[in-house]
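Reviewing the structure listed below.
The values are calculated or read from the model by the stated rules, or taken from the named source; none is laboratory data. These numbers were taken from a predicted model, which means no experiment stands behind them. Using ideal geometry, Cβ is built from the backbone for each residue, glycine included, and neighbour counts are taken over all protein chains shown. For accessibility, only protein heavy atoms count, side chains too; no ligands or nucleic acids. Shrake-Rupley method; radii C 1.70, N 1.55, O 1.52, S 1.80 Å.
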Amino acid sequence: MSDQEILMLIDVHSLLNRAFYGIAGRSRLTAPDGLPTGALYAFLNMLTKYRESYHPTHIVSAMDMPGGTFRHRQYEDYKKGRSPMPDDLARQVPIARDMLKFLGYNPLGVADYEADDLLGTLARRGEEKGMRVFILSGDRDILQLITGQTSVILLTTNGDGSESVLFTPEQMMETYGLPPSQWVEVKGLMGDSSDNIPGVRGVGQKTALKLIQDYGSIEEVYSHLDDQKGALQKKLRDGKEMAAISRELSVICREVPIRQLETLLSSDVSAAMDREALAGLLERLNFRSFLERFDLKPSQIKDESGSVIQCADGVSVCASETEWIQSVNNDAVAFLLPDEGAPGILLTRGRSFEVTDGESMLRLMDARENVFITWDFKRQLRANGLNAPRRVVFDVMIAAYLLNELGRSDDPEFALRASLGENYQPFADDCPPLLRDQKRERKRLCYLLLLAREKQIEKLNERELMPLTQVEMELVSLLAEMEQTGILVDRAALDNESVLMLEELKALEQAIYREAGHSFNINSPQQLGHVLYEEMDLPTGRKSSSGQFSTAADELERLRGYHPVIESIIEYREISKLRGTFLEGLKKEIARDGRVHTTFNQAVTTTGRLSSSNPNLQNIPVRTARGKRIRELFTASPGNVLVGADYSQIELRLLAHLSGDHNLSAAFREGRDVHLVTASRLFGKAEPDISSRERSIAKTVNFSITYGISDFGLSRDLNISIPAAGRLIERYHNQYPLVESWLRRQGETAKEQGYVETLFHRRRYLPELQSQNRNIVNFGMRAAMNAPVQGTAADLIKIAMVGARRLIRDSGLDAKIILQVHDELILEVSEKDAAGAESLLRNAMEHAIQLDIPLIAEAKQGLTWGDIT
C-alpha cells in the first residue's frame, strides 16, 4: 500500500458542523479580530490528525453550494424545515474554504449538486485510477460509497467524546449485517429526518435493517409484502410510494460533471500547500501552534516597496535620562519594567530609554505627567518586588479583558492583533526566538502597546466602558499593594488545627469501616462504589465516564437517608478537602514574613469577579463551623485589628434595581426583611406568623431566582416535589412580576446578541446557547439571567475598593485593604484607627454607586478573619 496513491476526500460541511457543535457550550474561541474560530480550530485538528494517520498523496474537499439541487426538483419538501446555519458557524465557512485552499486540499463545490455527490464521483474516478480512497465524514449516508477500494472514516460521538470508525465492507457486515450497496435500501425505508426524507412512516432503523437483511432491496420487500403482519404490513403498504421516492433521494450521484477533475486527482498534496498564505491565515486566526506543526515561519508585513517593516526601528535611543525627559513632551509612553536581566524600556513614538533598575524607573515615571502604558503591570511590580506607584497606568491587558479581546492573560500578542488588526506587526526576524535581540523585541512590544491603546480607547468609548475602565486601571495598583501586604497566619494554630482534623478523619474512617464491615480505600471511587452499590445494595444512579456507578458529591447527596454511612462519607470528604487544601496546602504558601501573599487574578473570570490563587482564599467555606475555624487562623499583626464589611443581600438588591420591580424594591426601601416579605406571599401568612423554616425556604427561593432556577432544581435544593417547587416559583413571580419579565428579556437578549451586559456595560458572551445539548443550552439561559446581576455585583465591589482606598489616603488613617472575597472587603488597621476605618469602609461601600434602593454594608472588627465573618 505504501507504493499506491492514496486519495482522501473530505466532507467539509459534515466535519464543520461536528466541530462547531462539539465545541459549542464549552468555550467561545475567537480570532483577535473577533471572528469565531471554535469550529475552524477543531476542524483543522481533525484534518491534521487524519492526514497524519493515513498519509494521503492527494486530498480533495467537497463542499455544498448555496441554493437548491436536483433533489429539490425531485421532491419539493427536500430538506424543508431545516434550521438555518448559526451565524457563528456561517462566518467560519468561507474561512474554512480559504484554509483548505492554502493547505492544498482543493476545496470543490458544483452548483445543483451536494457534497455527497462530489464525494461519490471523486471516489469512483479515484478507484478507476487505481487509488486507495478514504472518505472522511460524519454522515452515514456516505456508507453506500464503500467498496473494496473505498473506505469511510466515520466520525461518531459516544459517552466519552468523539471517535472514528473505519468502515470497510467487512465492518459494514459486522455493524449492520449487510453490504454497503444495500445501505441506500435501508435509507429508503427509514428515511432521514435531517434531510426531511420521509421514508415509511413508523419504520425506524432497526426494522428497516431487518427487512433489507431478509429481502435485499425495497423492491423485494414489497414483492413479499404478504409475509408481514398487522401494523407493519399496513405501514409498508401506505408508505410504498414514499419508500420509492426516499430511496431515489438517498442515492448518491456518481457522475457529477466536475471541471478539471483529472487535475484535482493529480494534485500532489505535499507540493500544493501555499505556505506563505497559510501562515498568514493561521496568524490571523491565532492558531500559532499550527505554525510549528506545519513547519511554517510567521508572516512578515511589508511596505509598498516590498521591504519588511520592523516597527520601532525608527525610534532613536536617548543617551541619558535628561535627554529622554526633554524629548518626551506630552507624548504617551509605553514601558516594560526590567525582566530577567533585560533592561526596562520607556518608549514614545520617537524616543526610547533603557533603565536597568525598576525602582529608578518608577521614580523617573513619577516625575512626568504623561500617560504611561504597559502590559500586566501588577505582574511586573511583583516580579521586581516593587511598591505600586500612586499614578494610574493604562494596562492594555485589562482593557483587552474588558473588550473581550484577551486570548490568555499571558498572551499579549492576541490582544495586540485584536486591537490593531492589519496594523499589527509581528517580529520580523527569521532567526529562532532564543536568538532574537531581546531589547529590540521589547521595543517592538512597547511600540505596539502605544498603538493598541489608541484603538482600545475608541472601542471602550463606543461600548460606554470608559468609567469602568478607570476603575479597573486604578484597581491594578491596589491589588498589587494587597498582594505585597498579604495577611498574617497563626502558624502554631494552623499546625494544631491540622492535627485536630487528622484525628477527626481517623475517627470517621473507623466509623465507615464499621458500617461497611471491613476496611477499604475510601478515596477510591471504584472501591467505594463496590461497597455502596454491591455490598450495601444502595440505589444506583448515573454512571461515570469509566462505566462505574458514580460516587460524586451529588450522587452521595442523593443517597442521604438511605444509610448512616453516607453522612460519614460526606463528612470525611469535606474534612479531607479542608485539611489538604486549606491547612496542609496553606503551610506551603506562608512566606518568611509569616504572611500569605495570594495572587489576585483580575482578567480571568467571565463575570468580572476577582479570583485568587496560590493560595485560593475565596474557596474557604463561609457558613460552616470548620470554615470559620480555618478563617480564625488568619490574624491581625500586633497592635492592629481586622475590619471587614460585607454587602447585605447585594444580588437581590441589584435584581430589584435592574428589574424595576416595585414590590421587591419597596421591601428594601422600607428596610424590611425581604425573606419574610417573600415567605408571607409564598405561604399566605402574615409576616409575624412565618416560621424560621418557612423564612429559610423563602431565602432559598429569593437567591435561586437570580440564577434562573427550574422547578426541578428548586425541588432538589429544598427536597420537595417538583410540582410543589413549581408552585413556589409561580407564587414568587406573581409577587414580583417585573423580575420574571426582566429575567426573560435577558434570555431573549442573549439569544439575539450572543451576550448580556452588566449595569456598567461589561459583557458576558454565552456560547452555551449554540450547543445542541439541551442541558448546556439551559445552563446558558441561566447564566444569561444571572450574569447581569452577578457581573454588576463584581463591578460594584471593585468601585467600592477603589473608593475606599481613596478615602483611606485622604484621611491619613493607618489602614490597608488586604483581602477581597466575593462581596466582602477586609482591612488591617491600627487599633487607634479601627473605629474610623470601619465607618469609612462602610461609607465607601454604601455610596459606591447610586441605585433606586439603598445599599447596606455590615461591618465588624476583630483580631481574626473568623471574628468578622
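So here's what we get for this one:
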{"quantity": "Label-point separation in nm, Ser811 to Gln326, each point 7 Å along Cα→Cβ", "calculated": "4.7"}
{"quantity": "Beta bridges per DSSP with both ends in the chain, % antiparallel, nearest 5", "calculated": "70"}
{"quantity": "Peptide ranges 324-337, 264-277, 387-400 listed from the most packed, as the mean C-beta count within 10 angstrom indicates", "calculated": "387-400, 324-337, 264-277"}
{"quantity": "Global geometry of the stretch 126-195, whether rounded, prolate or oblate, following the gyration tensor of its Cα atoms and the 1.5 cut on a/c", "calculated": "oblate"}
{"quantity": "Solvent-accessible heavy-atom area per residue, rounded to whole Å², over the stretch 479-539 at 1.4 Å", "calculated": "50"}
{"quantity": "Normalised per residue, the volume of the convex hull around the Cα set of the stretch 1-150 (Å³)", "calculated": "127"}
{"quantity": "Residue-normalised accessible area of the stretch 617-666, given per residue in Å² at a 1.4 Å probe", "calculated": "34"}
{"quantity": "23 Å Cα-Cα threshold exceeded, pairs from Lys210/Lys240; Lys577/Lys860; Lys506/Lys577; Lys378/Lys832", "calculated": "Lys577/Lys860; Lys378/Lys832"}
{"quantity": "Label-point separation in nm, Arg293 to Leu505, each point 7 Å along Cα→Cβ", "calculated": "4.1"}
{"quantity": "Segments 205-212, 338-345, 225-232, 536-543 sorted - mean Cβ within 10 Å per residue, highest first", "calculated": "205-212, 338-345, 536-543, 225-232"}
{"quantity": "Computed FRET value (nearest 0.05) for Thr175 with Arg727, which takes r as the C-beta separation and R₀ as 60 Å", "calculated": "0.75"}
{"quantity": "Highest to lowest packing among 670-681, 9-20, 68-79, scored as the average C-beta count within 10 Å", "calculated": "9-20, 670-681, 68-79"}
{"quantity": "Dipole in debye (nearest 20) - the chain, about Cα centre, beta carbon charges: Lys, Arg +1; Asp, Glu -1", "calculated": "1140"}
{"quantity": "Directionally averaged projected area (convex hull, Cα atoms, the stretch 498-577), nm²", "calculated": "5.0"}
{"quantity": "Phe683-Ala493 FRET efficiency (beta carbon distance; Förster radius 51 Å; 0.05 resolution)", "calculated": "0.70"}
{"quantity": "Rg/Rh (Cα only; Kirkwood hydrodynamic radius) as it applies to the chain", "calculated": "1.02"}
{"quantity": "Net charge dipole size for the stretch 318-443 [Lys, Arg +1 and Asp, Glu -1 on Cβ; Debye, nearest 20]", "calculated": "280"}
{"quantity": "All-pairs Cα distance distribution in the stretch 418-571, expressed in whole percent, bin size 5 Å", "calculated": "2, 7, 10, 9, 7, 6, 6, 6, 6, 9, 12, 10, 7, 3, 0"}
{"quantity": "Accessible surface of the chain [probe 1.4 Å, protein heavy atoms]: carbon and sulfur percent", "calculated": "47"}
{"quantity": "Computed [θ] at 222 nm, deg cm²/dmol, the chain (DSSP H ≥ 4; -39,500 (n - 2.57); rounded to nearest 500)", "calculated": "-14500 deg cm²/dmol"}
{"quantity": "Kirkwood-based Rg to Rh ratio, the stretch 657-779, C-alpha trace", "calculated": "1.01"}
{"quantity": "Kyte-Doolittle mean at least -0.5 and Cα axial length at least 27 Å: DSSP H helices in the chain", "calculated": "466-485, 491-516, 774-811"}
